[in-house]
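Okay, so here's the structure we're looking at.
Taken together, the values in this text are just the output of simple stated rules run on the coordinates, not laboratory data. Computed from a predicted model, the values in this text were never measured in an experiment. Glycine gets a Cβ as well: all are built from the backbone with ideal geometry, and neighbour counts include every protein chain shown.
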């Protein structure tokens, strides 16, 4: 079978756009066996709605806990319940999976990440855009930060079958400017516009109808590729590695699909996964518990699946949200929009198992405007560490224009790892 | 001209849209923008063209007719909606609450409305009202299966959205603010002086009225610049305004307790109201006195924000985006904004705004400002306009297995009505909808509509064969070339440049080639583009040629072509 594939040209100077090549299944097999050692695959998990950091990683002792008890009389998580990660902090009691990843050294946490002064907004939509565009305070940027990374990374393979993978239906703003070249893969069963007798010729006719150079032409080209790709894989009979079981629901399904496609060695550089519903203005306790269990179980399954199949050092998972919530609970057993919230990084031996950054404290004067967990780390700093240290792209000044980047040291240097134990 | 670094690095932006998209005549363009496309023989371009001697007079007559929807007889939609499967559409708010919240607890009102909107979009002749109802549902977005929304959804759709879609924005805003669906969805139903909840107040300002562009963040109210057109008011709002508006709206709740009668209606509850003086969008000066009469604080807020120029601009921009282009030209937005502001007290304010926007289509220069194809049809519009183009006979209704089969497929395309959970409504820009998931599952839904019952003898949903047999001029000339030409013209309602044929275009070549493709299972002669298909074989669903299957597949391709899925 001849597969007509859209092939993405990456790297500085290659420009936007896709070149159409014809790859066969043999080419794909050759690609899998190539000696190229690409950078790890970035899996960007975005928790939409504003995740409550003080429920995700609550304080357990000292002044922080005393203030926390006062701010959260009904919603607080006690030291007996939270799962100790040291330094006076714990994870939510439903985060057994993440706690195990912490135990094996595969999890790094960052305290109180947020937006820089001047770009702090309580709007979900502005806050998400600022992060995904990578330009705080400026919504008019025409490319997302992931797009700029892909455009400038010097070490991506020149040819890949599937450069960027968006699980679910909607491409994120972080890929703005490249959306028409992105395969969104959701609901993969029956993924064909006319399956049956004439399915191959239907795709050929679509390619002919959309043979121009417009954005929709490119989008349909990428769509035809995605259909052929999904058709060529046996997605419904996936056996995760390590005997793991993904949690029920779309988040687990999305992660399983991403893991499966990563394991196909198609040259994926970026995958994005959205997990919504974190806007807990009311009745946080039960809702958050269920959601964070799904998050924790899903991330653990995803990482263990990939580790068991030899990809443990080849992926880096970055978990973030648009903002944290108010330090003080409201009258409806919920919390309103706030500022600083933790980030989580999951990966192999280069992830430093630490609580990075600084927890700002919870006394009245510690809080931003007396209300929010003060954001002590700019999200761009965390992402810049990922881009430069893990993804090997030195062009942080283009990925995050105007950002005065000082490395955080979230990852062990590559050399130590390479020359170290083996 | 200076070339920015970005341009040098990354090259010029791609051309939007698709190259193979011929611009259709005025009538087709109009009916794809303010309606869900033509419906041949029923809601067709012939009718539009009969309305006057030139584009402007035809457009004016059509727009004014559509802006008076109750005067348009709507028998077919009414008949289909009188199907006994729809059980809640005529219930009042009180009945809905009693039947679906108090005495039982179910989603039947959502099931009914979500399917009724398909029936109306396909079969109602009040097309503009359907387009606008969809717009306002998304502007005041609610996830319909939220607790108080699910029992009262019929009322939200009928008494709030449709009642005010062509009315006055201030009145509409109050209707949304006082409906149990909204009060619950954005948590105001529980907001009281001792424990206020800011969720509704924030989205009221950011999404319903002033818009995020008018949000000045956390600066002090006194630091907000004055509005350029009216220095007596601030240009926008800050966080403090959110809190002050929140206080004004404390005690706006739902009668959801048996001690008050448990009617499900809006209720102002004085014990929960914050009675202190407030400063709302007033540079920090208190402009809402303490201890006002019931509801007055909140009504003052609605008066203020509904008349604010930022609201006029934000709402007008969104309407232009829905009707015309993802990035609508500022001249048309300006005109719509002016109409909005000049009619703030008028009972037909929104009708006037829509009229201004739609009549701009006849302006000289409009086509240069808003090229054909500026919008990509979203999944709902693609499916509905496909059903119209092929004269589908399918009442999508609750508790019906065929409708459910449709529903499961359409769900995967990502735009089920009333199913968007965040309060911002489904996105209205093409980037979001040209992902492979949306495209494939939309096309697969249309493919299912074309195929369903084609081989069982039960009534088909999309009568492709019947239309071909009844309307194709000469059955002895069923060649792939002429059938492709026939169906391109039948679906798209025009021929390029009025030439009378699609022959010779890339579009025709692609779909005719599909129809005439060789099939490896056949030892019989290959089909040829110009060799007629025996009339009796056109209905064949079997080897070697499967002509009926090819025909349906070709129509599916035309319905997914650049000419059809853009507007």
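Principal axis extents of the C-alpha atoms in segment B:464-565 (largest first, rounded to whole Å): 40, 26, 21. Report the Rg/Rh value for segment B:527-567, based on alpha-carbon coordinates and the Kirkwood definition of Rh. Result for segment B:527-567 is an Rg/Rh of 1.10.
Among B:295, A:132, sorting on how many other beta-carbon atoms sit within 10 Å of each Cβ, with the fewest leading, yields B:295, A:132. In chain A, the longest principal axis of the Cα atoms and the axis of helix A:199-209 are about 90 degrees apart. Counting beta carbons within 10 Å around each of A:101, A:306, A:203 and listing the fewest first gives the order A:203, A:101, A:306. Measuring nothing but how far apart in sequence close Cα pairs (under 8 Å, 6+ apart) lie, relative to its length, segment B:464-565 scores a relative contact order of 34 percent. State whether segment B:332-396 is rounded, prolate or oblate according to the following rule on the C-alpha gyration tensor (a ≥ b ≥ c being the square roots of its eigenvalues): a/c under 1.5 gives rounded; otherwise a/b larger than b/c gives prolate, and the remaining case gives oblate. Since a/c reaches 1.5 but b/c is at least a/b, the shape of segment B:332-396 is classed as oblate. Within the listed set A:297, A:280, A:63, the residue fluctuating most in the Gaussian network model of chain A (springs between alpha-carbon atoms under 10 angstrom) is A:63. For residue A:197 and residue B:331, a Förster radius of 60 Å and the Cβ-Cβ distance give a FRET efficiency of 0.70, rounded to the nearest 0.05. Quick one: check the C-alpha center-to-center distance for segment A:325-400 versus segment B:351-395, whole angstrom. For segment A:325-400 versus segment B:351-395, the Cα centre distance is 44 Å.
Rounded to the nearest whole angstrom, the semi-axes of the ellipsoid equivalent to segment B:137-228, taken from the Cα gyration tensor as √(5λ), stand at 26, 18, 10, largest first. Separation of segment A:219-270 from segment B:443-511 is 36 Å, based on Cα centroids. Taking the longest Cα principal axis of chain B as reference, the axis of helix B:108-123 is set at about 50 degrees.
Evaluated at q = 0.13, 0.14 Å⁻¹, a Debye calculation over the C-alpha positions of chain A (equal weights, vacuum) places log10 I(q)/I(0) at -1.13, -1.29. To the nearest ten degrees, helix B:401-411 and the longest principal axis of the Cα atoms of chain B are 70 degrees apart. When the helices of the protein assembly as shown are scored as -39500 (n - 2.57) per DSSP H run of n ≥ 4 and the total is divided over every residue, the value at 222 nm lands at -11500 deg cm²/dmol. Roughly what percent of Cα-Cα pairs across the protein assembly as shown reach past 60 Å? Tail of the P(r) past 60 Å holds 8 percent of the pairs. For chain A, the relative contact order is 28 percent, taking Cα pairs closer than 8 Å that sit 6 or more residues apart in sequence and dividing their mean separation by the residue count.
The residue B:393 and residue A:140 beta-carbon pair, evaluated with R₀ = 41 Å, returns a calculated FRET efficiency of approximately 0.30. The DSSP beta bridges internal to chain A are antiparallel in roughly 50% of cases. For chain B, the calculated P(r) over all alpha carbon pairs, in 10 Å bins from 0 to the bin holding the longest distance, is 3, 16, 25, 24, 17, 10, 4, 2, 0 percent. Using C-alpha pairs under 8 Å with a sequence gap of at least 6, the mean separation divided by the residue count of chain B gives a relative contact order of 16 percent. A Cα-only calculation for segment B:60-185 places Rg and Dmax at 14.6, 49 Å. Between residue B:223 and residue B:107, the simple label model (points 7 Å from Cα in the Cβ direction) yields a spacing of 4.6 nm. Run the paramagnetic zone check for residue B:259: 7 angstrom along Cα to Cβ, then residues of segment B:177-207 with backbone nitrogen under 17 Å. Backbone N within reach: B:190-195. With springs only between Cα atoms under 10 Å, which of A:276, A:402, A:118 fluctuates most in a Gaussian network model of chain A? Greatest mean-square fluctuation among the candidates belongs to A:118.
Fewest neighbouring Cβ atoms within 10 Å first, the residues A:293, A:120 line up as A:293, A:120. The Rg/Rh ratio for segment B:116-273 is 1.02, where Rg is the radius of gyration of the alpha carbons and Rh is the Kirkwood radius. Net length available on complete extension from residue B:285 to residue B:531 is 80.3 nm, with 0.36 nm assigned per residue and the Cα-Cα distance removed.
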